[in-house]
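Read the structure below first, then the notes.
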Amino acid sequence: MNNISIKPTALFLCVSLSFSTGCYNNSENASIKEENIKVASEQLSDEASALNENHLVKIKSQKSVVDSDLSIETEEYKKADQIALPTPRAPITKDKAKKEAIIGQYRASGLVAKSPMISRNAVLSKSYIAPPVHLVTPQEKNTENYLNYQENAIQLVSEKPLSTLSIDVDTASYSNTRRLLMQGKLPPKDAVKTEELINYFNYSYQTAKNLDSPFSVTTEIAPSPWNDNKKLLHVGIKGYDIDKANLPDANLVFLVDVSGSMKRPEKLGLVKQSLKLLVNQLDENDKISLVVYAGAAGVVLEPTSITKKHKIIQAIDNLQAGGSTNGEAGILAAYNMAEQGRSKDSINRIIICSDGDMNVGKTSISALKQLIEQKRKSGVALTTLGFGSGNYNYALMEQLADVGNGNAAYIDNLLEAQKVLVNEMSSTLLTIAKDVKIQIEFSPLVKEYRLIGYENRLLKREDFNNDKVDAGEIGAGHTVTAIYEIALAENANSSSIDPLRYQNNKKQEVNDETNNYNNELAFVKIRYKEPNEDKSKLITHIVNKQNMLSSINQTSDNYRFSASVAAFAQKLRNSSYIKLSYQDIISLAQQAKGKDDYGYRAEFIKLAQLAKDLSN
């Protein structure tokens, strides 16, 4: 530097860019002429008094700063919203009075001489180099919210022969559990929903042939891998599959949370990337609307044809986060856009992208559920995609999807977005059956049973035939699996419950030649409604004892792999019913990996291995 002329505003620019421009010189290059030093000292002395105390520079999260001397990576700056200025180099002068005056002014400004690492002599040394910049990252309180529930208990068939439940195609718990494991910690037990881990995977059940009978029913019964005295009964449903090229026209509304809590690359940044993946799968007859909500809601894009894809992509790219979260206002605006873009026989669906942290408007789950229950009657479904960590409100996102006749997923990375929005696009967008309920009646050949998972999907016996009771939906190609652990009456050692002393303990006779049900273990009934109908239809299926397999080695890959996932989920929840080690679970999954086009099953095995290591 031959001449030094620094203005007040330029001083801060010099500090923030000093590492690349050379404002701070090392000792080898610190040859400065005496007259220039004197000029610099006088100018800085006059201008330092104008500095405000404790001045901080706000650095935007996406700002890229290159620091070659101190090797500070650009990615570190993206993680910080605010950093303190590094202590600037003090002016150099031989006049002692000026030295003391300058030091006093800089101390008053709060910019120098407040760190114990920096002495006055170091400040005045012409070889002084700024210390490393320390990022200020505030500690966040973990407010993640999960539904609390108790594991299903064993039921005696003599007391309660019927089990009634709503199906569940949500998968959010699996990807959220993966995220927690990848962060190096075992998930809290309420974060692990066994049925969602099981149903994350597709199983090669027999496929329905047409929409007149929209799904098939498959059952399989064999020994339990974790209890020699018990059997597992698998009930599998597979929806009629429709290739995404043959889907009806789509009228989609992207409802995006742009509140301050979404201001992170793994939140709003990942939302943008995910939605653009879906946009690229749509064709010219499809329409997209874009609604955002923070303190208030706003329509960014009214229903727009995919022929104007550039306009849609630009609108998504321009989204920015800030403010509080008024979910109620956003939901109302989204339903209005869905009505505006509706066409005959189109897929009408709202896709909410949020961390679920709503703090303005109707924030109670019950109030928001009532709002969506009213709106779903219009035929517009609602899907929720959860993002982020630290404040993820799983409880809210799941329940909004349930009452909105949709499904809930959690997007922890772009590959998961690809799974949900590209690979499984048909099942995510197109509902082929709604209000699907399962009711299983166990015969006296079965002494007791336990439903694995579905704790918050249980229904009353009378709810099965009541078409006013809401239940889950099945998308095109979806598979749903329910697993029961059962004990046969013929095995004296299989019962987990002692008989009652004062009740009638006489065994029911089921082997009479006149009994037409002497070979039946269970009677499976399934009720469903077509997407635009209000009256349900019934499908039945009988589970015969003669179809029971004697060895787990005779079972299908579907049976063994889903059993390994069920065991894994229960072990993560510290279930008292599971006697397998993590290694046993891993071995069972490895033997049953089967066809794995996208590597999801291989990933599960790696996650089980990771959980094993973390548990140690």
Just give me the residues in region 440-463 being of a type outside the set (Ser, Thr, Tyr), touching a helix residue (DSSP H, G or I) at 6+ places or on another chain (Cβ under 8 Å) and in a loop (DSSP other than H, G, I, E, B), in sequence order.
-> 445, 453
Counting only residues that are of a type in the set (Asp, Glu), give me the helices (runs of 4 or more DSSP H) lying completely in region 346-439 with at least 2 of them.
-> 394-403
Members of region 481-502 found to be of a type outside the set (Ser, Thr, Tyr) and touching an Asp or Glu at 6+ places or on another chain (Cβ under 8 Å), listed by number = 482, 486, 487, 497
Return yes or no: is residue 242 outside any helix (DSSP H, G or I), in contact with a helix residue (DSSP H, G or I) (Cβ under 6 Å, 6 or more places away or on another chain), over 22 Å from residue 390 (Cα atoms) and open to solvent by 10 Å² or more (accessible area, probe 1.4 Å)?
-> yes
Failed item in (1) open to solvent by 10 Å² or more (accessible area, probe 1.4 Å); (2) modelled with pLDDT of 95 or more, with residue 456 passing the rest = (2)
Select from region 209-250 the residues that are touching a Pro at 6+ places or on another chain (Cβ under 7 Å) and not small (Gly, Ala, Ser) and write down the one among them that is farthest from residue 198 (Cα to Cα).
-> 240
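Conditions (1) part of a strand (DSSP E or B); (2) of a type in the set (Val, Ile, Thr), marked per residue:
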site	(1), (2)
197	no, no
207	no, yes
229	no, no
238	yes, no
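Residue-by-condition table, conditions (1) in a strand (DSSP E or B); (2) at pLDDT 95 or above:
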| site | (1), (2) |
| --- | --- |
| 159 | no, no |
| 176 | no, yes |
| 186 | no, yes |
| 203 | no, yes |
| 220 | yes, yes |
Residue 388, sole failed condition from (1) open to solvent by less than 10 Å² (accessible area, probe 1.4 Å); (2) on the phi < 0 side of the Ramachandran plot | (2)
Check on residue 237, β-branched (Val, Ile, Thr), open to solvent by less than 40 Å² (accessible area, probe 1.4 Å) and within 21 Å of residue 538 (Cα to Cα) = yes
For region 287-302, the count of residues that are crowded, with 23+ Cβ neighbours inside 10 Å and assigned to a loop (DSSP other than H, G, I, E, B) equals 1
When region 398-446 is checked residue by residue, the ones that are open to solvent by less than 10 Å² (accessible area, probe 1.4 Å) and acidic (Asp, Glu) are 398, 416
From the list 255, 275, which residue is assigned to a strand (DSSP E or B), within 19 Å of residue 406 (Cα to Cα) and not aromatic (Phe, Trp, Tyr)?
-> 255
Would you check if there is a residue in region 366-373 being at pLDDT below 95 and among the charged types (D, E, K, R)?
-> yes
Quick one: residue 113 ticks every box in (1) surrounded by 13 or more Cβ atoms within 10 Å (Cβ to Cβ); (2) over 31 Å from the mean Cα position of the chain (by Cα); (3) modelled with pLDDT of 60 or more except a single one, so which number is it?
-> (3)
The one condition in (1) open to solvent by 20 Å² or more (accessible area, probe 1.4 Å); (2) touching a residue at least 12 places away in the same chain (Cβ under 8 Å); (3) polar (S, T, N, Q) that residue 366 fails to fulfil | (2)
Condition test on residue 462, is it closer than 26 Å to residue 531 by Cβ and open to solvent by 20 Å² or more (accessible area, probe 1.4 Å)?
-> yes
Counting only residues that are surrounded by fewer than 18 Cβ atoms within 10 Å (Cβ to Cβ) and in contact (Cβ under 8 Å) with a residue 60 or more places away in the chain, region 262-280 contains a total of 5
Taking residue 190, is it of a type outside the set (Lys, Arg) and in a helix (DSSP H, G or I)?
-> yes
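The values are calculated or read from the model by the stated rules, or taken from the named source; none is laboratory data. The structure displayed is predicted, hence computed values, not measured ones. Neighbour counts are summed over all protein chains in view; Cβ atoms, including those assigned to glycine, are modelled from backbone coordinates with ideal geometry. Ligands, DNA and RNA are excluded from the accessible area calculation, which covers all protein heavy atoms including side chains. Shrake-Rupley method; radii C 1.70, N 1.55, O 1.52, S 1.80 Å.
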